[in-house]
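Just so you know, all these numbers are worked out from the coordinates, no wet-lab data involved. Only a predicted model underlies this, so the values are computations on that prediction, with no experimental measurement involved. Because the Cβ atoms are built from the backbone with ideal geometry, glycine has one as well, and the counts that use them run over all protein chains shown.
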Amino acid sequence: MQKENFLWWSAVKAGLLGGVIAIFICLIGMAEVFSKRDVIEKVITLGQFVLLATIVGMGFIASRRTSGILGQNRPLHNLSSGLIAGLVTGLMLALFVLIGLQVNLRAVFLNATTPLYNILTFGKGAGNIWLLPVIGAVGGLSGAAFLLLPDVYRRPLTRGLIFVIFMAFFSGLFRVVMINQGPGMSAAAKSLFGQTGLTMGGALLFFFGIVALSMLWNYMGKGIQTRISGLPKRGQISLRVMAAILILYITLMLPSVSGAFISQVIVTVALFILMGLGLNITLGFAGLLDLGFVAFYAIGAYTVGLLTSYGPFGLQHVSFWVAVPIAVLVAMMSGAVLGLPVLGVRGDYLAIATLGFGEIVRLLAGSDFLAPYFGGPQGIIGIQKPCLGILGPFVRVDVPRVCNGIELGTPQTIYFVAIASALLIAFVAWRLRESRLGRAWMAIREDEDVAEALGVNLIQTKLLAYMLGAAFAGLGGAIFATLIGSIFATSMQLLVSINVVALIVVGGMGSIPGVIVGAIALIGLPELLREVSEFRFLIYGVTLIAMMLAKPEGLWPSQATKRELHHADAENVTAETLV
Amino acid sequence: MAPILTAQKVTKRFGGLVAVNSVDFEIPEKSIVSIIGPNGAGKTTFFNCITGFGRCDEGEIIFQGTPIHRLRADQIANLGIARTYQNIRLFADMTALENILVGQHHFLNSPWFSAVLGTPRVRKEEKNALAEAQRLLNFVGLKGQGDMLARNLPYGAQRRLEIARALASRPQLLLLDEPSAGMNPRESEDLTAFIRRLRDQLGITILLIEHHMRVVMGISESVTVLDYGEKIAEGTPAQIQSNPRVIEAYLGRGAATEGMASSHERHTNKSKSNQG
């Protein structure tokens, strides 16, 4: 009896939680804003989808909890608890609409508007309200049923759903890119992607395509893998070369195919990869948390600005290629300047000290006091674009030097500079990690005192970590300056530093591919989803929390961390079985 | 034999507590010397003074003619002193091989940029370092476990890996802090033989802190007894066993001063955790 009651209560609790989340989504205006986008045109809007996902998710959670209490093999209990959870969520939403239609909630909640109620009642007012609990119940039930599916079906279905949502998010983008490719592609694009989301046909195609592929891989994947590893060495190498050529080709063609906007997004991602690789050295390898990392980015950018600008604050008018190495060196020195005073500082204190450094640099750069040198709030403008060829002479302020050759002035061309730099720096970071210095960094991260007692010079090693990390970020800043053509102190916010820390954590601490994956996930995707930018940080925060709960080692962990966390799991398992 | 290490009037205080009080101490070259004493007697603190973990407040320590009591831990390590720890302190998330490679840190001296460029010299150096690390792994009986993460090794293997890591820095003086802690009699016998092998084959002078009297009496050429930070006895194992002050320190005051001893211990631990 006790158990039954408990079960009831846990299902209802999941439902109540779902209701709170759903109402929250409505009241912050997310439901309304998202309703302007479709997942599938004329079928389901993004707003409806988010609410539905809440319901289904709660059904899933309630069902999983039931399995936790009763064990497996109680499908009826699973289904009923999912049903209850979904029903409660639906009822709460219905109650919310009822109250909202009677009482004016707008005085407190700005987003409790008539359009919102229209969305929730499918445009038909209070008469349609019974639909909400019904949808809730069905949604909860399907969430619960999803859990009961065997893995063989669940995985492909999940992948299919995720892919459809992904395609729906970027449908506008794909549409534009494909339409630019010529009439054939254009027709295909129009049949797959609508103006605001996928077409029904497109959604079905993507869903079943991925499901089929995924199922096929389930059956054949192992065979293909063994066949590839069974190939003679020559064959494997040529396969790899082919893959490399393909990737290279895509990389080279991407900017001309995708246009300025996507190129700019990719450049931004590459710049964050540079910063991420830099911080990965100080934080990921050497374990020194730096929350003021944007300072080095700013220093790199300002150095290039001052050295190349033809605007009023340009000190010199050298070419980009001369300015960049200097910027990297200056950033490196500033890394030492930051590193020296905080050498003995550890842990939390280090985070605060470095935070201060970042803010000092930003405030100084934007201050009136230094405005004669750094332009203060007006920033530095007129930064010379990189030129492959010979630069003409400097004429006078506000007139760019003429480039006799190819000017890398657009995002599509700076793209190549950014990608090449990111690749180069990734290579350097990888070599460093495998070196004596890399091992010393990791030793410091693991146990500073023991490392010192083994002959590692802490001062030198830590300073090198700060300096090299700063150098990488400085390179990023230098490219940023030329990409934008101007720099303002206001773009060097603390938020940038936090983003870099977050992308390292999400990607996997100390892992070089992790930095790349993290930058794409945390910087690239939100850039592409400008429409939902109002809720960017909400989504960001939720994702981070979910990540830390579900996959604390990051998206692409370094080998060691992966093993470590798996080992912890193994330990838990043995501990449990022993109990 | 000439002493490899001489300590004169070494004193270390933690606030008002004198953890090591004016200890004079000598280790003859290529000998095996033990420090024993009740919990909280200041043995580990004394070790820390020698290895630069926490500098001593007074007195001087001279290693092969070089005063080392004002040097940093890494400088002391480079002179040829290595140590292990009472509670094993491996680099837990690095592999066994990497742990040993860190031990070789100061022999590899090509600068970082040549590592980035991958110059032939760096390659050769890394290759030799790896071979040396493998050799050390085999020497301590961990053959084939080089790719295991240190944290995943069993306890005994971790102890041996810690010794291998210390040996990697090619020390002339090796300090072992309770190497037989948590070992059964059979294992401590193996350890005794192993320590003797270190001295006989590699010519390393060994100083150890030990609680297992069987180990201490079996291998030490000389034993020093600390109690409340002071040296109360010194001599051959036989002399120590019959020394009345030692017997009193270990047995005589047992229950009456236990509270004091444990607070003493806590204090030492605290200072350790501050460093860690």
remark   = Expected vector for segment A:402-410, Karplus 3J(HN,Hα) from phi with 6.51, -1.76, 1.60 and θ = phi - 60°, integer Hz, x for Gly and Pro, equals 6, 9, 8, x, 9, 8, 8, x, 9
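Rounded to whole Å and ordered largest first, report the semi-axes of the equivalent ellipsoid of segment A:249-568 derived from its Cα gyration tensor (root of 5λ). Intermediate values should be presented prior to the final figure.
Numbers: eigenvalues 209, 107, 69 Å².
Computed over segment A:249-568, the values are 32, 23, 19 Å.
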Only Lys, Arg (+1) and Asp, Glu (-1) charged, at Cβ; segment A:60-185 dipole about Cα centre in debye = 160
query = How do A:Ile273, A:Ile23, B:Ile81 rank when sorted from fewest to most other Cβ atoms within 10 Å of their own Cβ?
reply = A:Ile23, B:Ile81, A:Ile273
ask   = Once amide H atoms are placed 1.01 Å from N in the peptide plane, what residues at a sequence separation of 5 or more from A:Phe313, or on another chain, have their amide H within under 5 Å of its amide H?
value = A:Ile381
request  = Specify which residue in the list B:His105, B:Leu175, B:Leu161 is farthest towards the positive end of the charge dipole of chain B, using unit charges on the beta carbon of Lys, Arg (+1) and Asp, Glu (-1), about the Cα centre.
outcome  = B:His105
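If you count the DSSP beta bridges with both ends in the protein assembly as shown, what percent of them are antiparallel, to the nearest 5?
Details: 30 of 47 bridges.
Antiparallel bridges make up about 65 percent of those DSSP assigns within the protein assembly as shown.
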message = For B:Ala19, what residues show an amide H to amide H distance below 5 Å, using hydrogens built from the backbone and excluding near sequence neighbours?
response = B:Lys12, B:Arg13, B:Phe14
inquiry  = Suppose only helical runs count, i.e. DSSP H with n ≥ 4. What mean residue ellipticity at 222 nm does that imply for chain B under -39500 (n - 2.57) per run, divided by all residues and rounded to the nearest 500 deg cm²/dmol?
reply    = -12500 deg cm²/dmol
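Stick to the Cα atoms of the protein assembly as shown, pair each with every other, and give me the Kirkwood hydrodynamic radius in Å at one decimal.
Details: mean 1/r = 0.0313 Å⁻¹.
One over the average 1/r among Cα pairs gives 32.0 Å for the protein assembly as shown.
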request  = Enumerate the calculated ³J(HN,Hα) couplings along segment A:487-503 in order (Karplus 6.51 cos²θ - 1.76 cosθ + 1.60, θ = phi - 60°), each rounded to whole Hz, writing x wherever the residue is Gly or Pro.
outcome  = 10, 10, 4, 5, 7, 9, 6, 3, 4, 4, 4, 5, 4, 5, 4, 4, 5
request  = Mind putting together the pair-distance distribution for segment A:1-148? All Cα pairs, 10 Å bins, whole percent per bin, short to long.
outcome  = 13, 40, 30, 14, 3
key: Whole-Hz couplings from phi, Karplus 6.51/-1.76/1.60, listed for segment A:511-528; x for Gly and Pro   = 9, 6, x, x, 4, 5, 4, x, 5, 5, 6, 8, 10, x, 4, x, 4, 6
ask   = Out of A:Asn78, A:Phe96, A:Val43, whose Cα points farthest toward the positive end of the dipole of segment A:1-148 (charges: +1 Lys, Arg; -1 Asp, Glu; placed on Cβ)?
value = A:Asn78
key: Average silhouette area of segment B:88-199, convex hull of alpha-carbon atoms, in square nanometres   = 7.4
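What order do you get for A:Met467, A:Met220 when you list them from fewest to most C-beta neighbours inside 10 Å? Walk me through the numbers before you get to the answer.
Values: A:Met467 22, A:Met220 11.
By the 10 Å Cβ count, ascending, the order reads A:Met220, A:Met467.
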query = A:Lys190: which lysines have alpha carbons under 25 Å from its alpha carbon, excluding same-chain residues fewer than 8 sequence positions away?
reply = A:Lys36, A:Lys42
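Given all pairs of different Cα atoms, what value in angstroms does the Kirkwood hydrodynamic radius of chain B take?
19.6
Neighbour counts of other C-beta atoms within 10 Å: give me B:Ser188, A:Ser186 arranged from fewest to most.
Taking fewest neighbouring Cβ atoms as first place, the list is A:Ser186, B:Ser188.
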Given charges at Cβ of Lys, Arg, Asp, Glu: segment A:419-490 dipole, positive-most of A:Ile479, A:Tyr466, A:Trp441 = A:Ile479
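What does the charge dipole of chain A about its Cα centre add up to, to the nearest 20 debye, if the Cβ of each Lys and Arg holds +1 and the Cβ of each Asp and Glu holds -1? Write down the numbers at each step before the final one.
Working: 36 positive and 25 negative charges, 297 e Å.
For this selection, approximately 1420 debye.
For A:Phe49, what charge total do you get from the other residues with a beta carbon under 12 Å from its beta carbon, if Lys and Arg give +1 and Asp and Glu give -1? Could the numbers behind the result be given before it?
Values: positive: A:Arg37; negative: A:Asp38.
Taking every other residue near A:Phe49 into account, the sum is 0.
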remark   = Out of B:Arg170, B:Arg83, B:Arg214, a Gaussian network model of chain B with alpha-carbon springs under 10 Å gives the largest mean-square fluctuation to B:Arg214
query = Considering chain A, which cysteines have no disulfide-compatible partner, defined as another cysteine with its Cβ under 4.7 Å away?
reply = A:Cys26
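In the structure displayed, which of A:Lys462/B:Lys12; B:Lys43/B:Lys143; A:Lys13/A:Lys551; A:Lys462/B:Lys124; B:Lys143/B:Lys231; A:Lys222/A:Lys551 lie more than 30 Å apart, Cα to Cα?
Values: A:Lys462/B:Lys12 28 Å; B:Lys43/B:Lys143 33 Å; A:Lys13/A:Lys551 25 Å; A:Lys462/B:Lys124 26 Å; B:Lys143/B:Lys231 41 Å; A:Lys222/A:Lys551 25 Å.
Violating the 30 Å Cα-Cα cut-off are B:Lys43/B:Lys143; B:Lys143/B:Lys231.
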remark   = Ratio for segment A:343-466, C-alpha Rg to 2.2 N^0.38 Å, reads 1.56
